[in-house]
Amino acid sequence: MTARILVADDDPKHAQLIRLYLEREGHQVMTVGDGRAALDVARARKPDLILLDVMMPLVDGLDVCRILRAESPVAILLVTARSSENDMLLGLDLGADDYMAKPISPRELTARVRALLRRAGAGGDAPSVVRVGDLEVDPDRFEVRVRGAAVTLTAKEFAILELLAREPGRVFTRAQIIDRAFGFEQDISERTIDAHVVNLRRKTEPDPAEPRYVQTVYGRGYRMAEQ
C-alpha cells in the first residue's frame with residue numbers, strides 16, 4: 001500500500017533515516033522539523049499517516065496529536081524517547097493510534113506503518129455499512145455515526161469497534177481482539193486494548209459508565225451488545 005506520510009521530527013538525521021526506511025517501502029514521505037509546521041503541512045497535504053516526535057519546538061507532538069485528532073481520523077504514530085507506560089497511555093488518550101520508543105527498529109517501524117495503513121484503509125469486500133441499533137460503522141468511508149451524529153475515532157478504535165460490531169453478542173478476548181483487529185505485526189498489550197476501549201466509550205456512549213454498545217464480559221473480554 002503506497003501512502004503519503006508526514007514525518008515530524010526536530011532531529012534532521014533521525015527524520016532522514018525514517019524517510020529512507022519508508023521510501024524503500026514505496027511511500028511518498030514529507031518531513032518537517034517542528035510542531036507548527038506539522039500542523040500546517042498536515043492540513044494542507046492531507047497525509048494518510050503522520051509520524052510525530054513528542055519533543056519538538058514551537059508545538060510539542062502531544063499537542064499536535066490532540067489538535068489533529070479533533071480535526072481528522074488520520075493515522076498517528078508517536079515516535080519518542082519517552083517510553084514509560086504513563087507516556088504511552090497519555091499518547092493513546094490524546095488520540096494516537098500507536099506508540100514507538102527510540103531507538104527504533106526499521107523492521108518494526110515499517111511493520112507498524114503497514115498495519116496502521118491497512119486499518120485506516122479497511123473495507124475491501126466487507127459490507128459497506130455495519131449497523132447495530134443506532135450505531136453505524138462505515139469501513140469504506142472510515143466513518144462512525146451514533147444516532148445519526150458523526151463520531152471521530154482513531155484507526156485502532158475504529159478497528160476494535162468494527163470487529164465487535166460485525167458479530168454482535170460474540171465475546172472476544174483481548175488476545176483475540178489483538179489478533180483479529182491488528183494482526184501479528186502489532187506489539188500491543190492487553191492493557192492497551194483496555195485503554196482504547198475506554199476512549200471508544202467516551203466517544204460513542206451516552207453514559208460511558210453504563211455502556212450500551214461495547215460491553216465488558218468480566219473474566220473474558222468485550223462484546224458488542226445485541227440491539
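Nothing in this text is a laboratory measurement; each read-out follows from the coordinates by a stated rule. None of these values were measured; they are calculated from a predicted model. Using ideal geometry, Cβ is built from the backbone for each residue, glycine included, and neighbour counts are taken over all protein chains shown.
So here's what we get for this one:
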read-out	value
The chain: relative contact order as a whole-number percent, Cα under 8 Å and 6+ apart	15 percent
Likely footprinting exposure, K102, K46, fewest C-beta neighbours within 10 Å first	K46, K102
Theoretical gain in end-to-end length, E71 to A225 [0.36 nm per residue, Cα-Cα removed]	52.5 nm
Lysine pairs in the chain with Cα atoms under 23 Å, if 8 or more residues apart or on separate chains	4
Contour excess over end-to-end distance, with Cα ends at K13 and K46 and 0.36 nm allotted per residue	9.5 nm
Theoretical gain in end-to-end length, E205 to V59 [0.36 nm per residue, Cα-Cα removed]	49.4 nm
The chain - charge dipole about Cα centre, Lys and Arg +1 at Cβ, Asp and Glu -1, debye rounded to 20	320 debye
FRET E, pair R131, T152, Förster distance 22 Å, beta-carbon r, rounded to 0.05	0.70
In nm, spacing of pseudo-spin labels at E25 and D179 (7 Å Cα→C-beta vector)	2.4 nm
Cα-based helix-to-principal-axis angle, 106-120 vs the chain, degrees rounded to 10	40 degrees
Prolate/oblate/rounded call for region 4-120, Cα gyration tensor, a/c under 1.5 rounded	rounded
